[in-house]
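S.K.: So that we are looking at the same thing, I have put the structure below in structure tokens.
The values are calculated or read from the model by the stated rules, or taken from the named source; none is laboratory data. Just so you know, these numbers come straight off a predicted model, no measurement behind them. Quick reminder, even Gly has a Cβ in these numbers, built from the backbone with ideal geometry, and neighbours come from all protein chains shown. Surface areas here come from the heavy atoms of the whole protein model, side chains and all, with no ligands, DNA or RNA. Shrake-Rupley method; radii C 1.70, N 1.55, O 1.52, S 1.80 Å.
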Amino acid sequence: MKKFKRGLLAGASVLSLCFLLMPIMALAAEEETAMPSMYATFWALVPPIVAIVLALITKEVYSSLFIGILVGGLFYSNFSFEGTITHIFNDGFVGVLSDSYNVGILIFLVILGAMVSLMNRAGGSAAFGHFAKEKIKTRAGAQLATIALGVLIFIDDYFNCLTVGSVMRPVTDEHKVSRAKLAYLIDATAAPVCIIAPISSWAAAVSGFVEGEDGFSIFIRAIPYNYYALLTIVMMIALVLLNINFGPMNTYEDNALKGDLFTDGKAAAGEEAAPSTAKGKVIDLVIPIVTLIVCCVIGMIYTGGFFEGENFITAFSNSDASVGLALGSIFAMLITIIIYLIRKVLTFSECMECLPAGFKAMVPAILILTFAWTLKAMTDSLGAAEFVASAMAQSAEGLMNFLPAIIFLVGCFLAFSTGTSWGTFGILIPIVVAVFANSNPQLMIISISACMAGAVCGDHCSPISDTTIMASAGAQCNHVNHVTTQLPYALLAAAVSFVTYIVAGFTQNAWISLPIGIVLLLAVLLIIKSVHSKNAAS
């Protein structure tokens, strides 16, 4: 009740401020125009900031996102009632749900939910859990296995989050790893791994933003400088091996050892509770997962023209991840149903019952994604990209050696505010290329990598990020719980990355700056462990 009252009060305060400003804005604008008065100003970043702050304060995602959307609509329409409603629904909700890329992702989500439901109902997940219980004896082993699987599935971050979650949940649950920790491990092996994998949808996106240069070659050369991604992977392994937990995660992990995997007293929305058959075997999980991976890879290279003569790398670079994943997952689901029918682990009626069950399990993720996409549409319509591009272009000439660190911070803030890594690439990478291409190619590589690292970091921290939402869905963890427990870990990796980029700006050598960053990160983790040990002993 107290949380609800706090949320209601915070929301009412924001709305009251907006309506108090309405007469002022109405006087400033004689009539509603296509270009809002707040276009390409700092006000363009206010709606997502409002949504993020409210989500962290109230722990309510849906209402917080909607209030952010409402603020964006009011700003765009110059506080016109009709203009606000029209913009929110026509350009917002209807617009994002009419976008073919978004629809493809939603189809992929629904089909993944159906496949998870099929694997659970067939007993594959339970059988794998029993198998893993025999092979994986410790909590550390369960977490390291999750990290290893996340690193192996580097094709796409959405695919990574949902696949790793569905496979490893039975294992981590058996070893009393909290769902918040599982969500962190999934999230930290999604975008951070994809952004340093040459064959991934992210590599294709980044290569496309580097105009006038060999984008794929630049991506390869930028990998050793992608400090946030590399340090996050090092940090995950160190946290598991040294058994370090800090911030809110420490409470969640302590409670998990006592049998409470969720800490908030309730299971996440969409938690699977359907009965499973006793006929299931490990192959009833392994075969669908392998089929899904193969079909999705084929689907992605198909959209990139592989079967029309393009080579594998080029086809992957030109692929449409949305269409490829949707096509691949549909074929994988059909093959899975056929296999289950042949093996007689499920009847046709039971297979069909899993389709709506899977959709139901994905409803929370779909709702949050729809709200997040709509909020991004509001931010885009207010010219957030133009504002940041202008600010960066004006300050780029001065602090050359510090520019990688500055770009990293700007990328973090922009991705955190908008919830999109790819949008951040599209804004910052062309600016970096324009500044450095003809003056300092090596610093251009470092700065492009800083842009990618900052985008992933901001995306990692943001409650409105689609990847963060997917990680919550994959772990079936409460979304705000995932964000609040992950934030201290992401901020630590970000702080060390920032210092490392300062070093890199002067040395311009990855083999000097990266070891410095790793040593600094491990030193901080050991200090945290020492402080926690002293507090526990006292």
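S.K.: Scan region 313-347 residue by residue and report those that are β-branched (Val, Ile, Thr) and open to solvent by 70 Å² or more (accessible area, probe 1.4 Å). Let's see the steps before the verdict.
M.R.: Filtering region 313-347 down to residues β-branched (Val, Ile, Thr) leaves 313-314, 323, 330, 335-339, 342, 345, 347.
Listed by number, the residues that qualify are 338, 342, 347.
S.K.: If you take the residues of region 418-444 that are crowded, with 24+ Cβ neighbours inside 10 Å, among the β-branched types (Val, Ile, Thr) and in a helix (DSSP H, G or I), which of them is modelled with the lowest pLDDT?
M.R.: If we take residues in region 418-444 being crowded, with 24+ Cβ neighbours inside 10 Å, among the β-branched types (Val, Ile, Thr) and in a helix (DSSP H, G or I), then 427 is modelled with the lowest pLDDT.
S.K.: Another question, then. With respect to the numbered conditions (1) surrounded by fewer than 24 Cβ atoms within 10 Å (Cβ to Cβ); (2) assigned to a loop (DSSP other than H, G, I, E, B), which one is the sole condition not fulfilled by residue 464?
M.R.: Every listed condition holds for residue 464 apart from (1).
S.K.: Separate question: If only one of 25, 35 is farther than 24 Å from residue 416 by Cβ and at pLDDT below 55, which one is it?
M.R.: Going through 25, 35 in turn, the sole match is 25.
S.K.: Same structure, new question: Only one of 353, 310 is open to solvent by 10 Å² or more (accessible area, probe 1.4 Å) and either modelled with pLDDT under 80 or part of a helix (DSSP H, G or I) (or both). Can you tell me which?
M.R.: Numbers: 310 fails: either modelled with pLDDT under 80 or part of a helix (DSSP H, G or I) (or both).
Of the residues listed, the single one that is open to solvent by 10 Å² or more (accessible area, probe 1.4 Å) and either modelled with pLDDT under 80 or part of a helix (DSSP H, G or I) (or both) is 353.
S.K.: To continue, here is another question. Here are some residues: 193, 210, 206. Which one is buried (at least 17 other Cβ atoms within 10 Å of the Cβ) and either over 29 Å from residue 516 (Cβ atoms) or at pLDDT 80 or above (or both)?
M.R.: Working: 210 fails: either over 29 Å from residue 516 (Cβ atoms) or at pLDDT 80 or above (or both); 206 fails: either over 29 Å from residue 516 (Cβ atoms) or at pLDDT 80 or above (or both).
Result: 193 is the single residue among 193, 210, 206 that is buried (at least 17 other Cβ atoms within 10 Å of the Cβ) and either over 29 Å from residue 516 (Cβ atoms) or at pLDDT 80 or above (or both).
S.K.: Oh, and also: Contact list please: Cβ distance under 8 Å, first residue in region 457-474 and charged (D, E, K, R), second residue not in a helix (DSSP H, G or I), pairs at least six apart or on different chains.
M.R.: As it stands, the answer is 459/419; 459/420; 459/465; 466/419; 466/420, since those pairs meet every condition given.
S.K.: In region 467-512, what count of residues is obtained for those that are over 14 Å from the mean Cα position of the chain (by Cα), under 24 Å from residue 402 (Cα atoms) and assigned to a helix (DSSP H, G or I)?
M.R.: Residues in region 467-512 being over 14 Å from the mean Cα position of the chain (by Cα), under 24 Å from residue 402 (Cα atoms) and assigned to a helix (DSSP H, G or I): 20 in total.
S.K.: Could you list, in sequence order, the residues of region 222-264 that are open to solvent by 10 Å² or more (accessible area, probe 1.4 Å) and charged (D, E, K, R)?
M.R.: Across region 222-264, the qualifying residues are 254, 258, 260, 264.
S.K.: Inside region 85-196, counting only helices (runs of 4 or more DSSP H) that do not spill past its ends, which hold 3 or more residues that are over 23 Å from residue 294 (Cβ atoms)?
M.R.: 95-98, 100-121, 124-135, 139-152, 157-174, 179-188
S.K.: Can you pull out the residues in region 70-95 that are of a type in the set (A, V, I, L, M, F, W, C), in contact (Cβ under 8 Å) with a residue 24 or more places away in the chain and surrounded by fewer than 21 Cβ atoms within 10 Å (Cβ to Cβ)? Working first, answer last.
M.R.: Our first condition is that a residue be of a type in the set (A, V, I, L, M, F, W, C); within region 70-95, this holds for 70-71, 74-75, 79, 81, 85, 88-89, 93-94.
Then drop every residue that is not in contact (Cβ under 8 Å) with a residue 24 or more places away in the chain, which leaves 70-71, 74-75, 79, 88, 93.
Hit for region 70-95 is 93, nothing else.
S.K.: Go through the residues of region 143-155 one by one and say whether even a single one is under 14 Å from the mean Cα position of the chain (by Cα), open to solvent by less than 30 Å² (accessible area, probe 1.4 Å) and of a type in the set (Phe, Trp, Tyr).
M.R.: no
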